[in-house]
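The values are calculated or read from the model by the stated rules, or taken from the named source; none is laboratory data. For clarity, every value in this text was computed on a predicted model and none was experimentally measured. Cβ placement follows ideal geometry from the backbone for every residue including glycine, while neighbour counts extend to all protein chains displayed.
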Amino acid sequence: MDALRRMNIKTPKQDFLVELNDTETAEAIWLALPFEEYANVWGEEIYFEIPVKMPLERGKRIMDIGEVAFWPDGSALCLFFGPTPVSQDERPAAISNVTPVGKIVGDSGGLKKVGDRSRITVERI
């Protein structure tokens, strides 16, 4: 990607700005935008299926708070904002390796207010 790419994640209560990184997976997500899905909440992670199929790229399991990743096993976008059921400490942990694709700009704490099955809209900025 040449220029910095950003996307907006709209939840029922708040919008979150995400800066995408320079991976091929982030580019595939950018090209697939916009899309709408229903959120799944797993500990302090929100994930939802997106219309992207990509192999694992720069895979990792231990994430940073505010990090956004793609989970190839479920074709899902994952938003990490705290510990998950498989975390060993306060850091978020994915169930299996994910591809980091970006980071939420600013505070991701508002994601705690997103309920399971909430409607999520993701669009380009």
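Evaluate segment 107-124: report whether one residue or more is more than 19 Å from Lys13 (Cα to Cα), surrounded by 15 or more Cβ atoms within 10 Å (Cβ to Cβ) and within 13 Å of the chain's Cα centre (by Cα). Looking through segment 107-124, none of the residues is more than 19 Å from Lys13 (Cα to Cα), surrounded by 15 or more Cβ atoms within 10 Å (Cβ to Cβ) and within 13 Å of the chain's Cα centre (by Cα).
Residues in segment 21-61 that are of a type in the set (A, V, I, L, M, F, W, C), part of a loop (DSSP other than H, G, I, E, B) and under 23 Å from Asp116 (Cβ atoms): Ala39, Trp42, Ile50, Val52. How do the pairs read when you match residues in segment 94-113 that are within 15 Å of Leu77 (Cβ to Cβ) with residues anywhere that are of a type in the set (Ser, Thr, Tyr) and modelled with pLDDT of 95 or more, using Cβ under 7 Å and keeping only pairs 6 or more apart or on different chains? Here the result reads Thr99/Thr23; Thr99/Thr25; Val101/Thr23; Val101/Thr25, each pair linking segment 94-113 to a residue that is of a type in the set (Ser, Thr, Tyr) and modelled with pLDDT of 95 or more. The sole residue among Ala94, Ala32, Ala28 that is surrounded by fewer than 15 Cβ atoms within 10 Å (Cβ to Cβ), among the small types (Gly, Ala, Ser) and modelled with pLDDT of 95 or more is Ala32.
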